[in-house]
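The values are calculated or read from the model by the stated rules, or taken from the named source; none is laboratory data. Note that the structure is predicted; figures quoted are calculated from it, not measured. Positions of Cβ are generated from backbone atoms using ideal geometry, with glycine treated the same way; all protein chains shown enter the neighbour counts.
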Amino acid sequence: MNRICVFCGSSNGDLEAYAEGAAVFGSLLAKRNIGLVYGGASVGLMGAVADAVLRANGDVTGVIPQSLVDKEIAHPSLTNMHIVETMHERKALMADLSDGFVALPGGIGTLEELFEMWTWAQLGLHDKPCVLLNIVGYYDQLIGFLDKMTDSGYLKEASRLQLQVAYSPEEAMIACEG
């Protein structure tokens, strides 16, 4: 495992535990000499996870569209920064650069990114781990809905199991490492 892609919010959310969890996960990546690939922003949980990796002298690769660079939210201190034109290019490059995917708390962009990677796994386009890091129950209702989808016959059990759920940064690392 060389690099983990993290999807997460560009805001901190309403609980300090989200940023604390992001920082712990970033520190764990650096301690295990696993690089971070993420959306390249300096704000919110995105900034928290990147800053934690950088503080621990880890490797951080950002992938950000030019439109977000123009809004001055690009992180200024990353190991590598890839500037792309579109969000589609961003996701494709992040996927290519990564050996697994972890979603921290976030909004619809976070879900869209994770669900695309999970869908690609379901279709057999990759066999990289997809992990939902459920910090202080943030994703409890989503997990319940995914279970409902499975119970209702819209999501096969094998596909449901491709999205692993972790309840701590340490569990997320274990899920990524196999």
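Taking the condition of a type in the set (A, V, I, L, M), touching an Asp or Glu at 6+ places or on another chain (Cβ under 9 Å) and surrounded by 16 or more Cβ atoms within 10 Å (Cβ to Cβ), does L54 pass? Write out each step before concluding.
Values: of a type in the set (A, V, I, L, M): yes; touching an Asp or Glu at 6+ places or on another chain (Cβ under 9 Å): no; surrounded by 16 or more Cβ atoms within 10 Å (Cβ to Cβ): yes.
Taking the combined requirement at face value, the residue does not satisfy it.
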Does any residue of the range 122-130 turn out to be at pLDDT 95 or above, buried (at least 21 other Cβ atoms within 10 Å of the Cβ) and either of a type in the set (K, R) or under 19 Å from I64 (Cα atoms) (or both)?
no
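Tell me the residue from V63, V37, V49, V6 that is under 22 Å from C130 (Cα atoms), in contact with a Ser or Thr (Cβ under 7 Å, 6 or more places away or on another chain), of a type in the set (A, V, I, L, M, F, W, C) and crowded, with 17+ Cβ neighbours inside 10 Å, please.
Working: V63 fails: in contact with a Ser or Thr (Cβ under 7 Å, 6 or more places away or on another chain); V49 fails: in contact with a Ser or Thr (Cβ under 7 Å, 6 or more places away or on another chain); V6 fails: in contact with a Ser or Thr (Cβ under 7 Å, 6 or more places away or on another chain).
The unique qualifying residue is V37.
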Any residue at all in the range 69-92 that is closer than 22 Å to E112 by Cα, without any contact (Cβ under 8 Å) to a residue 12 or more places away in the chain and in contact with a strand residue (DSSP E or B) (Cβ under 9 Å, 6 or more places away or on another chain)?
yes
When you check A30 against the structure, is it out of contact with any strand residue (DSSP E or B) (no Cβ under 7 Å at 6 or more places or on another chain), modelled with pLDDT of 95 or more, part of a helix (DSSP H, G or I) and among the small types (G, A, S), yes or no?
yes
For residues in the range 73-111 being among the acidic types (D, E) and surrounded by 14 or more Cβ atoms within 10 Å (Cβ to Cβ), which is farthest from C176 (Cα to Cα)?
E89
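State whether one or more residues within the range 27-34 are surrounded by 23 or more Cβ atoms within 10 Å (Cβ to Cβ) and out of contact with any His (no Cβ under 8 Å at 6 or more places or on another chain). Even if it seems obvious, please write down each step before you answer.
Kept after step one, since they are surrounded by 23 or more Cβ atoms within 10 Å (Cβ to Cβ), are these residues of the range 27-34: 29.
From the residues that got through so far, the ones that are out of contact with any His (no Cβ under 8 Å at 6 or more places or on another chain) too are 29.
Within the range 27-34, one or more residues are surrounded by 23 or more Cβ atoms within 10 Å (Cβ to Cβ) and out of contact with any His (no Cβ under 8 Å at 6 or more places or on another chain).
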Here are some residues: E157, E112, E116. Which one is of a type in the set (D, E, K, R) and in contact (Cβ under 8 Å) with a residue 24 or more places away in the chain?
E116
